[in-house]
Amino acid sequence: MLYLLSLLAVVIFNPIYAQVSDSIRKWSIEECFKYAAEHNIEINTLKLKELTSIQEVLAAKGSKIPSLSGSANNTFNNSKNEVSGNGNLENQLTSNGTYSVNSSIILWNDNYINNNIQQKDLLSQSARLSIQQSQNNITLLITQSYLAILLAKENLKYLSDLVKTSEARVKQSQLFYDAGSIPKNNLLQLQAQLASDNYLLVQTQNAIRQNILSLKQLLQLPTDTVFDIVTPLSIEIVVVMPSLHSVQQTAFQIFPEIKIGKLGVDIATLDIAKAKAGFKPVLSANGSMGTGYSDVITNSNFPKTGYFTQLDNNFYQRFGLNLSIPIFSNRINKTNLEKANIGYKQANLNLQNNQLVLSQEVEQAYLNATNAQQAYDAAKEQLSAATETYRISNEQFRLGGINSFDLLQQRNQYVQAVQAFTQAKYTAVLQQKIYEFYMGNPIIL
């Protein structure tokens, strides 16, 4: 029953999977990187934050430009006033208007404005580096998911060949059994092995579909998008890897984590300078000019002066300097300075932590790559020996030198060796790509 169900699953799913795979557009790993950089929600959110930081830089630069504002006011007033001089009160409606233009500029504030502009520019650079940091993280995740698909697809290839071999052996054994050359037990063992191979084949097909779905979700593709990946013609294993020290030094120079940490220290230094400016006087200049008019609309006892005449007569110009000297600020300035000093210490600790974490990540990547390389070499030797042993066993079985049980044992060892080698190969590729990525090398398959 297990044999029949497994065979049915292969007959149904294998042609469907092959037809779907052949009909859809396949993505290379470079296309995956490009799509993620353009469409990933987290990355696009960081890009918007960078645009916001750029606007903050422009706003800070605007503080060096004089402000200019205008105002216009017109008031109507209705009240009882003495008009004729005889003590009688009459309603009077009056209209009063004022028009002015005002401007001010800070002349000196202990370089606060320049420090603020420089700080906002550093924050903008930090926001840009955060985008690169997020892209690096998504690149490594895509690489890991992409190679998981390639691993499952390679497993599918050799399992498909394995099923074909098992089917041929079952057919041959069936002929031998019908001719009375082998007992039924041998035939049943081979049929059970074929069912097991078919089951593994179906599992691998399911793993491919699941891994493709994981990569598709990682890329945040719409659910109705039909997706598959390009299988490289070959994947090479690097024999000689660069030294740990050289990779760490390169990572310190190019990775955004360290640059963000250094910018954090510079930003905190400017916070201290801005806090110190709170203890210093601020010199500003201001000027204004304006005019106004007044008119009695009803019951006026004086001759009216023309509107434009009043505007000309009331026109004024003012200019002044203002010096603001902080004397007592309820400890606000001192608290701001102390908080800025604490922030500076924290920024240095953040930089040290970023350097420590990155150095540990590179060291771990070096160890993973080294171990994966050694495991690959060992798996390669194991596969070579298992392949030769299995070849000899097949020949012995064909000549009647061993029974089906002994052959299946050697076959299982061969299958395990193939699986171990395939796993070791893709693990080595993944770990080497990650290690090289810390050197600034783009991931290419």
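Shown here: the chain, whose C-alpha atoms stretch 147, 52, 35 Å along the first, second and third principal axes, sorted largest to smallest. For the range 345-445, taking the reciprocal of the average inverse distance between every pair of different Cα atoms yields a Kirkwood hydrodynamic radius of 16.5 Å.
Its relative contact order, with pairs defined as Cα atoms under 8 Å and 6+ residues apart, puts the chain at 23 percent.
For the range 224-314, the carbon plus sulfur part of the accessible surface works out to 59%, probe radius 1.4 Å.
For the range 353-442, what's the relative contact order in percent, using C-alpha pairs closer than 8 Å and at least 6 residues apart? Each step should come with its number before you reach the end.
Values: 50 pairs, mean separation 40.5, N = 90.
Result for the range 353-442 is 45 percent.
For Asn353 and Gln413, the FRET efficiency from 1/(1 + (r/R0)^6), where r spans their Cβ atoms and R0 equals 45 Å, is about 0.40. Overall form of the range 285-425: prolate. Here a/c, set by the Cα gyration tensor axes a ≥ b ≥ c, is 1.5 or more, and a/b is the larger of a/b and b/c.
Of the chymotrypsin sites (Phe, Trp or Tyr not before Pro) found in the range 278-329, those that fall in a DSSP loop while having at most 10 other beta-carbon atoms within 10 Å are Phe328. In the context of the full set of protein chains, the chain has a per residue accessible area of 58 Å² (1.4 Å probe).
Placing a label point 7 Å from the Cα of Asn96 along the Cα-to-Cβ line, the residues of the range 286-329 whose backbone N sits under 15 Å from it are 291-297. His245 contributes about 120 Å² of solvent-accessible surface, heavy atoms of the protein only, 1.4 Å probe.
Share of the range 33-180's accessible area from carbon and sulfur, percent, 1.4 Å? Looking at the range 33-180 in its full context, I get 54 percent from C and S. Note on the chain: with charges restricted to the Cβ of Lys and Arg (+1) and Asp and Glu (-1), its dipole about the Cα centre is near 560 debye.
Against the chain, whose longest principal axis comes from its Cα atoms, helix 404-437 is set at around 20 degrees. For the listed peptides 252-264, 93-105, a ranking on the average number of other beta carbons within 10 Å per residue, highest first, reads 252-264, 93-105.
Can you tell me the orientation of helix 332-399 relative to the chain, as the angle in degrees between its alpha-carbon axis and the longest Cα principal axis, to the nearest 10? Orientation of helix 332-399: about 20 degrees from the principal axis. Spin-label pair Asn74-Leu141: with each label point 7 Å from Cα along the Cα-Cβ axis, the two points sit 6.2 nm from one another. Springs between Cα atoms under 10 Å define the GNM used for the chain, and in it the highest mean-square fluctuation of Gly62, Gly400, Gly306 occurs at Gly306. Extension gain, Ile392 to Asp295, is 23.0 nm, computed as 0.36 nm per intervening residue step minus the present C-alpha separation. For the residue pairs Lys47/Lys334; Lys157/Lys425; Lys61/Lys274; Lys61/Lys276; Lys171/Lys425; Lys64/Lys280, the alpha carbons lie more than 27 Å apart in Lys47/Lys334; Lys171/Lys425.
Give me the angle, in degrees from 0 to 90, between the Cα long axis of helix 184-218 and the longest principal axis of the Cα atoms of the chain, rounded to the nearest 10. In the chain, helix 184-218 runs at an angle near 10 degrees to the longest axis. By definition, a body whose alpha carbon gyration tensor gives a ≥ b ≥ c is oblate when a/c is 1.5 or more and a/b is not larger than b/c, and the range 196-309 fits this oblate description. In terms of the Cα gyration tensor, with a ≥ b ≥ c the square roots of its eigenvalues, is the range 140-197 rounded because a/c is under 1.5, prolate because a/b exceeds b/c, or oblate? The shape class here is prolate. Between Ser103 and Tyr307, the C-beta separation translates, for a Förster distance of 30 Å, into a calculated FRET efficiency of about 0.70. For Ser214 and Leu51, a Förster radius of 25 Å and the Cβ-Cβ distance give a FRET efficiency of 0.20, rounded to the nearest 0.05.
Computed extension gain for Asn371 through Asn341, at 0.36 nm per residue and net of the alpha carbon distance, reaches 6.3 nm.
For the range 50-182, what does the relative contact order come out to in percent, with C-alpha contacts under 8 Å and a separation of six or more? Could the numbers behind the result be given before it?
Numbers: 92 pairs, mean separation 33.0, N = 133.
The normalised contact order for the range 50-182 reaches 25 percent.
With all protein chains present and a 1.4 Å probe, how do Arg169, Arg128, Arg398 order by accessible area, largest first?
The residues order as Arg398, Arg128, Arg169, largest area first.
Taken along the Cα-to-beta-carbon direction at a fixed 7 Å, the label points for Asn441 and Lys34 span 2.3 nm. Here the peptides 182-194, 215-227 are ranked by packing, the mean other Cβ count within 10 Å, and the order with the highest first is 182-194, 215-227.
The values are calculated or read from the model by the stated rules, or taken from the named source; none is laboratory data. Here the structure is a predicted model, which means the values were calculated and not measured. Cβ sites come from the backbone with ideal geometry, for glycine too, and all protein chains shown count toward neighbours. Areas reflect the complete protein model, heavy atoms only, side chains present, ligands, DNA and RNA absent. Shrake-Rupley method; radii C 1.70, N 1.55, O 1.52, S 1.80 Å.
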